[in-house]
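Down below is the structure, laid out as structure tokens.
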Amino acid sequence: MAHSVYYPWALLGLSASGTCAGNLLLKQANLALSNPSLIAIVISPWFIGAITCYILDLIFFTQALQQIPVSVAVPVVSGIRIATTAILAYGLFSERLTVNHLFASSLIFAGIVIMSRAS
């Protein structure tokens, strides 16, 4: 089956989304339980959702690596994960998002553009 040239990049985006969602679900797992024990967190639906997101992340990333060099894929997906998680944590959990965070995120996105053109 022939795929578009953008297909592996879409897989990278899905991979980054999986990790980002997993991180946010882990945060919610801790917030949803008062004085959570390790067992309570592990059996929490939020934690199980996070694990599911991480598994999907690995599947999408593995598929993307079939067409994108690992030296390009890792920095690109890592940058997307970092910047997106910071922005969504601000919106969902009212975590701090300063001008420095926004500036650093813009540098990360600029790096993503540069890395994606290198392949």
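The values are calculated or read from the model by the stated rules, or taken from the named source; none is laboratory data. All figures in this text were calculated on a predicted structure; none of them were measured in a lab. Neighbour counts are summed over all protein chains in view; Cβ atoms, including those assigned to glycine, are modelled from backbone coordinates with ideal geometry.
See the values below:
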{"read-out": "Helices (runs of 4 or more DSSP H) lying entirely in the stretch 6-93 (those with 1 or more residues that are in contact with an Asp or Glu (Cβ under 6 Å, 6 or more places away or on another chain))", "value": "7-32, 70-93"}
{"read-out": "Out of ASN30, ASN35, ASN23, sole residue that is within 22 Å of THR84 (Cβ to Cβ) and either free of Cβ contacts under 8 Å to residues at least 60 places away in the same chain or among the hydrophobic types (A, V, I, L, M, F, W, C) (or both)", "value": "ASN30"}
{"read-out": "Filter result (of a type in the set (Phe, Trp, Tyr) and more than 21 Å from ALA32 (Cβ to Cβ)) within the stretch 48-107", "value": "PHE60, PHE61, PHE103"}
{"read-out": "Top-ranked residue of the stretch 67-119 - restricted to ones that are surrounded by fewer than 17 Cβ atoms within 10 Å (Cβ to Cβ) and basic (Lys, Arg), ranked as modelled with the lowest pLDDT", "value": "ARG117"}
{"read-out": "Test result for VAL42, among the hydrophobic types (A, V, I, L, M, F, W, C), surrounded by fewer than 17 Cβ atoms within 10 Å (Cβ to Cβ) and out of contact with any helix residue (DSSP H, G or I) (no Cβ under 9 Å at 6 or more places or on another chain)", "value": "no"}
{"read-out": "Tally of residues being in contact (Cβ under 8 Å) with a residue 12 or more places away in the chain and either in contact with a His (Cβ under 7 Å, 6 or more places away or on another chain) or in a helix (DSSP H, G or I) (or both) across the stretch 105-119", "value": "8"}
{"read-out": "Positions within the stretch 1-26 being among the hydroxyl-bearing types (Ser, Thr, Tyr) and crowded, with 17+ Cβ neighbours inside 10 Å, in sequence order", "value": "SER15, SER17, THR19"}
{"read-out": "Residue pairs meeting the criteria (Cβ under 7 Å; at least 6 apart or on separate chains; first under 18 Å from VAL5 (Cα atoms), in the stretch 55-71; second loosely packed, with under 15 Cβ neighbours inside 10 Å)", "value": "ILE68/SER119; PRO69/SER119"}
